[in-house]
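Peer 1: Handing you a structure now.
Read-outs: derived from the displayed coordinates by stated rules, not from any lab. These numbers come from a predicted model, not from an experiment. Ideal geometry is used to build each Cβ from the backbone, glycine not excepted, and the neighbour counts take in all protein chains shown.
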């Protein structure tokens, strides 16, 4: 008696092939999601930098307006931290200042006069000062600095020291 032999059908997918396909698709999916996440992070970073730059200019304008309208607030060779945004009167703080951004004066450098002589003491009431302003987001993704040269807003007897 002859028993027919079963033929093995090789048209199906083996377990190994299925696992390899799942791994490849999983890696591709992770790569796509990582690309999306990088795009969102870069967009957030750029938005915060742009916002910080805009508010750094507003901050500089607020300081200049404050000094023009209040000449007695002029500090010769101003030390860092003198014109922090929180120290300005509320009427000079930009009305649309966003939550989560901190503005501060992080440095200053007296500027030498054109003749090369900054004055006997190196700093007089009329010495211009290069002031470095910084606007920073709370998560430090947006940090913008702006250098502004401030000079005594008026001269002669009209100004008080």
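Peer 1: For the range 15-154, would you read off the P(r) tail past 22 Å as a percentage of all alpha carbon pairs? Present the calculation step by step, with values, prior to reporting the outcome.
Peer 2: Working: 5183 of 9730 pairs.
Of all Cα-Cα distances in the range 15-154, 53 percent exceed 22 Å.
Peer 1: Can you compute the label reach from residue 69? Point 7 Å from Cα along the Cβ direction, backbone N cut-off under 16 Å, restricted to the range 75-104.
Peer 2: From the range 75-104, the list is 85-97.
Peer 1: Translational D (Stokes-Einstein, µm²/s) of the range 34-105 at 4 °C and 1.567 mPa s when Rh comes from the Kirkwood sum over C-alpha pairs? Walk me through the intermediate numbers first.
Peer 2: On the way: Rh = 14.0 Å.
For the chosen part, D equals 93 µm²/s.
Peer 1: Normalised by the residues of the range 15-154, what does the relative contact order come to in percent, with Cα pairs under 8 Å and at least six apart?
Peer 2: Numbers: 193 pairs, mean separation 38.1, N = 140.
For the range 15-154, the relative contact order is 27 percent.
Peer 1: Post the alpha-carbon centroid distance, the range 40-78 to the range 91-111, in whole angstrom.
Peer 2: 5 Å
Peer 1: Let me ask something else. For a protection proxy built on the mean count of beta-carbon atoms within 10 angstrom, sort 64-70, 87-93, 134-140, 24-30 highest first, please. Each step should come with its number before you reach the end.
Peer 2: Values: 64-70: 14.9, 87-93: 12.9, 134-140: 16.6, 24-30: 10.0.
For the peptides 64-70, 87-93, 134-140, 24-30, the packing ranking is 134-140, 64-70, 87-93, 24-30.
Peer 1: Taking the mean number of other Cβ atoms within 10 Å as a proxy for protection, how do you rank 49-55, 145-151 from highest to lowest? Provide the component values of the computation, followed by the final result.
Peer 2: On the way: 49-55: 17.6, 145-151: 15.0.
By packing density, highest mean first, the sequence is 49-55, 145-151.
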